[in-house]
Amino acid sequence: MDYVYILECKDGTFYTGYTNDLEKRIKTHNSGRGAKYTRCRLPVRIVYSEAYESRSEAMKREYFIKQLSRQAKIKLMSNVSVSLPK
């Protein structure tokens, strides 16, 4: 499975990304080895995720979410509960 996720950074901003191992990716972000954007905004916490069968689908959805306004992202997140994959 591939995942699209939204993180909330310490400063209240959002970061959107994709991965095939959600739990590992969050740990990477919080260790300071994740995206450049999150390195100075630690700690981060996951606030939203979606699962996809292919990387291509996840990347398309990531691009779509990144184009959304902050308000639209908040609305998107309020409609779905978030849980880490098992």
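The values are calculated or read from the model by the stated rules, or taken from the named source; none is laboratory data. Just so it is clear, the structure is predicted and the values come from calculations on it, not from any experiment. In this analysis, Cβ positions are derived from the backbone assuming ideal geometry, glycine residues included, and neighbour counts consider all displayed protein chains.
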Do you know which residues across segment 1-32 are within 9 Å of the chain's Cα centre (by Cα) and under 17 Å from residue 72 (Cα atoms)? 4, 5, 6, 7, 8, 14, 15, 16, 17
Answer from 38, 16, 28 - the residue that is among the hydroxyl-bearing types (Ser, Thr, Tyr), more than 19 Å from residue 71 (Cβ to Cβ) and either surrounded by fewer than 17 Cβ atoms within 10 Å (Cβ to Cβ) or out of contact with any Leu (no Cβ under 7 Å at 6 or more places or on another chain) (or both): 28
Here is a list of conditions, (1) among the small types (Gly, Ala, Ser); (2) modelled with pLDDT under 95; (3) over 25 Å from residue 75 (Cβ atoms), and residue 35 meets all of them except one; can you say which number that is? (3)
Within segment 31-42, the residues that are over 22 Å from residue 58 (Cα atoms) and either assigned to a loop (DSSP other than H, G, I, E, B) or touching a residue at least 12 places away in the same chain (Cβ under 8 Å) (or both) are 31, 32, 40, 41, 42
